[in-house]
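The next block holds one structure in the form of C-alpha cells; read it before the comments.
The values are calculated or read from the model by the stated rules, or taken from the named source; none is laboratory data. Since this is a predicted model, take the numbers as computed values, not measurements. Positions of Cβ are backbone-derived with ideal geometry, glycine not excepted, and every protein chain shown enters the neighbour counts. Just the protein is used for accessible areas: all its heavy atoms, side chains included, with ligands, DNA and RNA removed. Shrake-Rupley method; radii C 1.70, N 1.55, O 1.52, S 1.80 Å.
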Amino acid sequence: MDNGPTELAAVWRAVLDDLQAHQRAWLRASEPMTIHETTAIIAVPNEFTRGQLEGRLRSQIEDALTDAFGHEVRIAVTVNPALENAASESDDPEDEEVESEEVSLSTKTQVDTPADPVRTSAGSSLETRLNPKYTFETFVIGSSNRFPHAAAVAVAEAPGKAYNPLMVYGESGLGKTHLLHAIGHYVRSLYTGAKVRYVSSEEFTNEFINAIRDDRQDRFKRKYRDVDVLLIDDIQFLEGKTQTQEEFFHTFNTLHNANKQIVLTSDRPPKRLEALEDRLRNRFEWGLITDVQPPDLETRIAILRKKAAMDRLTAPPDVLEFIASKIQTNIRELEGALIRVTAFANLNRQQVDLTLAEIVLKDLIPEGGEPEITPAAIIAQTAAYFGVSIEDLTGPSRGRHLVQGRQIAMYLCRELTELSLPKIGAQFGNRDHTTVMYANNKINQLLAERRSVYNQVSELTNRIKMQARQSG
Ligand SMILES: Nc1ncnc2c1ncn2[C@@H]1O[C@H](COP(=O)(O)OP(=O)(O)OP(=O)(O)O)[C@@H](O)[C@H]1O
C-alpha cells in the first residue's frame, strides 16, 4: 500500500500543527518523504532532530499519523544535512532549549543491561580461545582467498609438515583471524588431544610482561612451547618490542625444531615489517607466505548469503547484492551492514527490501569517503551521549546504566576503527579482549531486539562520523 507523498505532506502538516510550539520548532525543517506500506519516512536535517523524533516525540506522532491514515503508521527517520540550511536560517529562541535538553534525553534512554562479563566468561570455546563460528565450513572461498584457504587446510591436515610457518597477511577485516581459528578447529577435530593455542601478539606481549613482573617466566615458556599448533594473530604488534621479539624468537625456534606448526597473520608482508628484527623476519620467510585480498562482488554476495542463512536473517537477493555492491573492502563492515539493515526492518516490522536497504546504508556510508575515526572520539561522544564521564565509561564501575553505554562504545570501536579486540580492551581500562568480543556480540544481538539500542547506535554512529568529517 502506498498513500503517496502528497497526502503524507498534508497529514504531516496537520500533525505538526497539533504539536506544542517548542516541539514544532525541532521539526520545522523536517520533510516527509514517502509512506511505504505502514512506514512513513521522514527526513530531518540533523542527528539531534532525529533523536527527538525517534525518542520523545515518536509515540505522539505515530498516534497522530495512525489516526489520520486510519491504519497503523510507524515512522522511520533519515538524516538529510541539506535540510540544515532551512533550519539555521531561523533564529528561533527555542533552539537554546533544544541544546540544554539533549543531555537529559540521552540519559533517559538507558535500558536493561546484563552484568559486565570481565574475565568471567568461561565455556569451552573460550578455553580453547577459538570462536566457534570461525570454521572452514563458514568460510566462503573466492578468488581473493582461494590460496590462503588451501594453505590453511593443508596445514591443519598435516601440522608441522606442509608449510612451517604459514603466514597469512592482508588488510583488516578480510578473514585472517577466521582462517586461524578454522585451522585450530580442524586440527582439533582431526587429531584428538592435539594442543592448539591461539593468541594475538598483543596478548602474547602482555602475558610476557606480566610473567617477568611476577617472576613466572617458566610457566609462560611452557604455555607457548608445549603446544602442537601455535596460532598467533597480528604479528605486526611485535614491532618495536625488542624483549618480546626475543622471547618469541625462542618460542618459534623451539616449536619449529620439534616440528610443531606455527601459523602467523599480519597486516603486511614480512619484508614490510620494518621494525621487526631481521632474524625473525627471516624465519617467517622459511615457510609459505600468502595474502588475502578484498573479495570480488560474487564472493561478497556469497558471504552475505552464508551470514544471512547462519544468523537466520531474511533478506532477498537484490538486497544482498545491493549491500555487496556498496561495501567493497572490509568483510566485517559488510556483515555489519547486513545486520543493521535486517535490524532496522525488524524494529519497524517491515519487509527487508531495496528501499529500506538504501535508507539504512545512506547513513552508514557517507559520500566523499570515510573520515578517520579514533577510539578517543568514540568514547568522548558516547560518554556525552549517555551523560556520563569518560572516566566512568572506561572505568571499572559495573553500574547498570554504565554497562550498556560501555558495550555500545566497544561495539562502535569494533565497527568504526580497525583496532584489534585487545587494543579496544586497552582503551577501556585494560579490559580483556573477551569482554570486547562479548560486548560486540551483545550489541549486535540487541540491535535487532531493542529499538532503543538501534537508535542509540545509529545516532552515535552519525554523530561520530559527522564530527570526524568536520575535523578532518
Ligand atoms: N571468506 C569469508 N567467508 C565468510 N566470512 C568471512 C570471510 N572472510 C572474513 N569473514 C568474516 O569477516 C569478519 C572479519 O574477518 P576477520 O576478523 O577474520 O578479519 P581479519 O583479517 O582478521 O581482520 P583484522 O586484521 O582487523 O583482525 C569475520 O566475522 C569473519 O567471519
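A few notes on this one:
- If the condition is being out of contact with any Asp or Glu (no Cβ under 7 Å at 6 or more places or on another chain), among the polar types (S, T, N, Q), within 15 Å of the ligand (Cβ to nearest atom) and not in a helix (DSSP H, G or I), then the stretch 402-442 contributes only THR417.
- Any hit, the stretch 344-359, residues being assigned to a loop (DSSP other than H, G, I, E, B), in contact (Cβ under 8 Å) with a residue 12 or more places away in the chain and within 11 Å of the ligand (Cβ to nearest atom): no
- Unique residue being surrounded by 22 or more Cβ atoms within 10 Å (Cβ to Cβ) and more than 26 Å from SER59 (Cβ to Cβ) when the list is SER458, SER420, SER389, SER397: SER420
- Residue, farthest from the ligand (Cβ to nearest atom), within the stretch 182-194, restricted to residues that are open to solvent by 10 Å² or more (accessible area, probe 1.4 Å) and in contact with a Leu (Cβ under 9 Å, 6 or more places away or on another chain): ARG188
- Matching entry among GLN236, GLN243 (being within 16 Å of the ligand (Cβ to nearest atom) and either under 29 Å from the mean Cα position of the chain (by Cα) or open to solvent by 40 Å² or more (accessible area, probe 1.4 Å) (or both)): GLN236
- For the stretch 179-190, the count of residues that are farther than 27 Å from PHE147 by Cα and free of Cβ contacts under 8 Å to residues at least 24 places away in the same chain is zero.
- Residue match in the stretch 443-457 (condition: within 15 Å of the ligand (Cβ to nearest atom), under 18 Å from LEU364 (Cα atoms) and of a type in the set (D, E, K, R)): no
- Residue that is assigned to a helix (DSSP H, G or I), at pLDDT 95 or above, more than 16 Å from LEU280 (Cβ to Cβ) and of a type outside the set (Phe, Trp, Tyr), where the choices are LEU180, LEU174, LEU255: LEU180
- Selection status of ALA380, open to solvent by less than 10 Å² (accessible area, probe 1.4 Å), out of contact with any Phe, Trp or Tyr (no Cβ under 6 Å at 6 or more places or on another chain) and not β-branched (Val, Ile, Thr): no
- Only a single item in (1) in a helix (DSSP H, G or I); (2) open to solvent by 80 Å² or more (accessible area, probe 1.4 Å) is not met by TYR224, and it is number (2).
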